[in-house]
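Data block below; observations after.
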Amino acid sequence: MVQNALVKAGVSAEVLAPVIVPPRSRRRAVFKIKSLPEGLHIGFHAAKSHTVIDMHHCDVLTPGLFALMAGLRQKLEPLFGVGETAELHVTETDTGFDCALRWRAGLTPALTAALSQALSGLGIARLTMGRDMVFETVPPRVSLGGVPVILPSNPFLQSTREGEAALQDRVLKIVGKAKAVADLFSGVGTFALPLAAKAKVHAVEQDKDALAALAQAAKNPGLKPVTTEVRDLFKQPLTAAELAPYDAVVLDPPRAGAEAQAQILARSKVHAVAYVSCDAASFARDAAILSAGGYKIGPVTPIDQFLWSSHIELVAGFVRSR
């Protein structure tokens, strides 16, 4: 799939064998919930359907996340009326499950009390509904490059720890000995924090809460300086002048890619670009832009962390050749 996308975009590159994460490793999921006369169904939608499959076996989720689903089925059933639907965004962190519930119009004191009582003892670190906090027993925390990060509500993280580690390893190798790095679409610091062990990092991200979490984590002693900037890189990519101080740039955009930023990078003097993508087609489009601008693409590594699906993560390096 990656090779085909590159060929279609006119890019010639070596595509390595994929890194495949093990089964039962996915730490993030969105559970669909529906109350039926026979009981509460929790799981995923059936293919091309709104039918909720009441899941009693899963080779994708971590054992902890799957066990949580069984507990939720039992605890939530008394709170749902027949026909009610909801969805629960869950991330398994080092300190417990971070949960964001989308259900009903608003959170009332009675519902807060009912949820807090029903869901105690399931290992949930935090539960939110919309912008409201239902309860927090301990701040949800993960480690990125050995640096503890307290997460904002419903954050973006790589879907598996194994996939995250593989991406971090390759990004660090692509960046090499760069002393100043711009991390664009930085999120909570998946790459910025490991990079900051050896380089000064400027992290740019549109999500204010994610960037605040990164900035707080970057105060960890032993890291090089990390600066942050809230910015919509789709509407306002870094200019060539703003890119000038950096030896390397890390790109980790959403599925749409980073076309506007790639066009400016192609005119810049940045030596190396590490590009992490969750969409082969948008990556191939941006790779063609960088190649036309004088960058040489290195081997492309697919990271298969979406098991038994057509989704793929990948990472590749670009080095300026002219």
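The values are calculated or read from the model by the stated rules, or taken from the named source; none is laboratory data. Since we're looking at a predicted model, the values are computed, not measured. Cβ atoms come from the backbone with ideal geometry, glycine included; neighbour counts cover every protein chain shown. These accessible areas exclude ligands, DNA and RNA; they are computed on the full protein's heavy atoms, side chains included. Shrake-Rupley method; radii C 1.70, N 1.55, O 1.52, S 1.80 Å.
Overview of results
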read-out: Tally of residues being modelled with pLDDT of 95 or more and open to solvent by 10 Å² or more (accessible area, probe 1.4 Å) across segment 153-163; value: 2
read-out: Test: Asp59 is of a type in the set (Asp, Glu), surrounded by 14 or more Cβ atoms within 10 Å (Cβ to Cβ) and either part of a strand (DSSP E or B) or modelled with pLDDT of 95 or more (or both); value: no
read-out: Of all residues in segment 113-123 being within 23 Å of Gly83 (Cβ to Cβ) and in a helix (DSSP H, G or I), the one that is least open to solvent (accessible area, probe 1.4 Å); value: Leu115
read-out: Subset of segment 18-43 (residues that are under 24 Å from Gly163 (Cβ atoms), out of contact with any helix residue (DSSP H, G or I) (no Cβ under 8 Å at 6 or more places or on another chain) and without any contact (Cβ under 8 Å) to a residue 60 or more places away in the chain); value: Lys32
read-out: Candidate set: segment 193-202, residues that are of a type in the set (A, V, I, L, M, F, W, C) and in contact with a Gly (Cβ under 7 Å, 6 or more places away or on another chain); chosen: the one nearest to Leu238 (Cα to Cα); value: Leu193
read-out: Test: residue in segment 299-322 that is among the basic types (Lys, Arg), at pLDDT below 95 and either under 22 Å from Gln168 (Cβ atoms) or not in a strand (DSSP E or B) (or both); value: yes
read-out: Members of segment 172-193 that are buried (at least 24 other Cβ atoms within 10 Å of the Cβ) and over 14 Å from the mean Cα position of the chain (by Cα); value: Val175, Val181, Ala182, Asp183, Leu193
read-out: From the options Arg102, Arg126, Arg131, Arg141, residue that is within 19 Å of Leu72 (Cα to Cα), without any contact (Cβ under 8 Å) to a residue 60 or more places away in the chain, among the charged types (D, E, K, R) and open to solvent by 70 Å² or more (accessible area, probe 1.4 Å); value: Arg102
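One line per residue, one yes/no per condition, for (1) touching a helix residue (DSSP H, G or I) at 6+ places or on another chain (Cβ under 9 Å); (2) among the β-branched types (Val, Ile, Thr); (3) assigned to a helix (DSSP H, G or I):
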| site | (1), (2), (3) |
| --- | --- |
| Val134 | yes, yes, no |
| Pro148 | yes, no, no |
| Pro155 | yes, no, no |
| Gln158 | yes, no, no |
| Ala165 | no, no, yes |
| Lys177 | no, no, no |
| Val188 | yes, yes, no |
